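Down below is the structure, laid out as structure tokens.
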Amino acid sequence: MERRNCESVSWSNSNRDCGVIVTRLRRAGVGSSSMLMVVALSAMIWPFDRAVGQETDSAAAAAPEGVVPTSTSSDSGQSTVGVDEGGANPLQTESSRTFDFISGFRGDCQSYFSSDLTGGPAAPLPVLSGPRRSAGRYTQLSLTASETYTDNLNRDPSDQAVSDFITEISPRLDACASTGRVHGRLSYSPQFVLYAHNSEFNDIYNTVEGETTVDLWAGHLYLDADTRYGQTVVDPSISFSQSNSLSPRNQTATWSSNISPYAIQSLGPVGTALLRYRYGKVLYNDNDVPDSTINAAYLNITSPPDRGRLSWTADVQTQKVERSGGDARQFFRGFDNVDPDQPLFDDVDNDNSDTSYFDRASLELGYQLSRTLTILAQGGVEDDYKDDGTNDRLSQPFYSGGFRWASGYNTLEAHVGHRFYGQSYSASVSHDGPVADASISYDEQATSAGLNALNGNGFGTGSIPGASLSGPVESRFDRGVFVEKRVTGRVGIDMARTSTGLTVYRRVRNYQSGDASDETYNGASVETRYQVTPRTSLIPAVRWQNRESNGDNTDFGGGYNDYETGVTLARAVSRSSQAAVGYAHAWRNGERRNSDYKENRVTLQFFKNF
């Protein structure tokens with residue numbers, strides 16, 4: 001079985017060496033130093049006229065809607081601390097998991113272009129040609145064209161359904177550079193969408209994804225920057241699709257960017273210190289959706305590698321998240337089957353402006369009892385969140401104890417402790433075998449919709465349904481701080497001609513404000529890819545997302561179940577082209593009145609590398 005080096009991707013996807021479809025590229029980079037610096041410096045400038053925040057399908061041009069391929073974001077939110085000239089991290093630290101965002105350029109150009117950049121429903125078959133390369137710089141130009149028929153364009157109730165033919169054309173440029181002091185990736189794709197009978201929806205959706213790491217002082221000082229621009233779903237309580245061509249009323253252009261300088265310094269026998277600052281923004285083109293800004297600082301000190309049996313990690317972080325603007329009721333007034341006087345987000349003011357803090361200081365000690373077993377203990381202070389939406393900063397002590405065990409194919413880590421909300425738990429188990437891989441994890445974290453958006457969670461728009469399978473498709477409206485209890489499981493099975501991936505998740509959100517109702521999200525996806533011939537693949541897939549609410553708001557929002565199932569047949573036509581045909585059926589069962597729908601869709605697609 002091919003080893004996977006993509007822990008942040010569901011097994012049914014391709015990312016770097018995973019060998020199957022990448023439906024969403026979290027980052028991209030550029031092919032020259034000047035282009036990379038433009039990405040770094042322009043990360044604070046609102047670009048273009050329309051359309052990212054999304055972690056989109058690799059080609060942003062709609063993969064055939066006949067399949068429901070899976071993709072995920074990193075559930076742990078682990079960050080790396082930079083790259084050396086060969087693309088490797090200059091500092092590997094167990095405490096990197098304490099950073100809740102991913103920044104800068106990670107990996108290398110060869111692994112980036114080994115991913116599926118086709119935008120099609122199937123992984124790049126061996127016959128497809130690779131990128132142009134020169135002295136550590138890679139570029140690739142591609143084109144995706146598709147024709148789709150849908151019998152329910154806006155996913156309305158059956159008596160309101162409108163059918164249409166949709167033509168989509170999307171050129172794409174991918175570039176990557178990993179030479180000298182500047183490393184990075186850049187991807188740009190305009191998507192032209194034309195409707196045969198609903199021309200008022202005709203549009204051009206621009207998608208940009210870029211990231212860079214600049215080596216300012218080798219081994220000591222680095223600069224990370226990233227930017228994403230495209231479409232995102234506004235609120236999943238309204239019928240939605242993660243395709244730019246379906247349900248266009250429930251989407252908005254989103255721009256998300258971060259800039260983050262950091263310094264690394266050896267402290268001798270004390271260990272290695274990392275000091276990082278972060279400034280980030282998420283801006284929405286729809287004024288009814290609140291924007292978010294983060295200012296944050298992180299300090300991490302990790303014991304040296306020759307520490308013997310005893311290890312330690314000290315972390316201090318402070319994150320200030322500011323929310324501005326937004327009017328949930330005004331947004332929902334644009335939908336005929338929604339009563340804005342029965343709001344799901346009853347704590348959201350029409351003219352809201354709010355600030356939340358996420359502070360934490362901790363010390364973790366580890367003692368290695370044997371080659372495979374380490375005992376862990378952690379303690380510190382964190383914020384305490386009140387019913388009125390305020391928080392007392394660094395006022396609540398916390399502690400936990402646990403262990404980490406690892407063998408050649410298996411790992412197990414578990415913690416139990418106490419935090420500001422009561423008893424706390426976390427655990428993770430993984431198995432990496434010759435035929436099957438599996439992992440399941442549980443953790444608890446204080447966060448908010450604004451912080452999740454800033455960290456890249458919940459951005460799953462793009463051209464393919466099911467693009468956010470490590471977690472739910474989230475509302476862009478912020479209801480305040482909540483404690484999220486998260487379960488994520490993945491199973492991958494690779495055999496001679498068949499690859500199967502299963503992803504499941506559960507998110508229980510306990511809001512700290514007494515006015516907000518708690519909610520639970522559940523979801524699952526399964527995809528099988530069968531290689532019929534060396535050039536042909538058959539891919540059936542199923543996706544499900546569920547929302548349950550503890551509040552009495554069944555008229556607006558409430559619970560729902562979204563389903564989508566489909567099958568795609570893909571074939572490599574030549575060394576540089578691929579064709580596919582797909583069928584999908586999607587439907588919703590919801591508690592809110594007039595929220596149910598059914599939709600059928602057939603798509604023909606052609607892809608070509610240049």
Expected sort for 292-298, 367-373 on mean C-beta neighbours within 10 Å, highest first, is 292-298, 367-373
Of the accessible area of region 362-401, computed with a 1.4 Å probe and all protein chains kept, carbon and sulfur make up a percent value of 55
Ranked output for segments 581-591, 251-261, 265-275 by mean other Cβ atoms within 10 Å, highest leading, reads 251-261, 581-591, 265-275
Mean accessible area per residue over region 178-315 (1.4 angstrom probe, all protein chains present, square angstrom) is 32
In Å², rounded to a whole number, the accessible area per residue of region 474-610 with probe 1.4 Å is 39
Partner lysines whose C-alpha sits under 27 Å from that of Lys386, ignoring same-chain residues fewer than 8 away, are Lys281, Lys320, Lys485
Note, region 536-541: 3J(HN,Hα) by Karplus (6.51, -1.76, 1.60, θ = phi - 60°), whole Hz, Gly/Pro = x, goes 10, 10, 10, 10, x, 7
The simple spin-label model distance between Phe192 and Lys386, using points 7 Å out along Cα→Cβ, in nm, is 5.8
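The values are calculated or read from the model by the stated rules, or taken from the named source; none is laboratory data. Bear in mind that the values here come from a model prediction, so they are computed numbers and not experimental data. Positions of Cβ are backbone-derived with ideal geometry, glycine not excepted, and every protein chain shown enters the neighbour counts. For the accessible areas, the whole protein counts, side chains as well, though only heavy atoms, and no ligand, DNA or RNA atoms are used. Shrake-Rupley method; radii C 1.70, N 1.55, O 1.52, S 1.80 Å.
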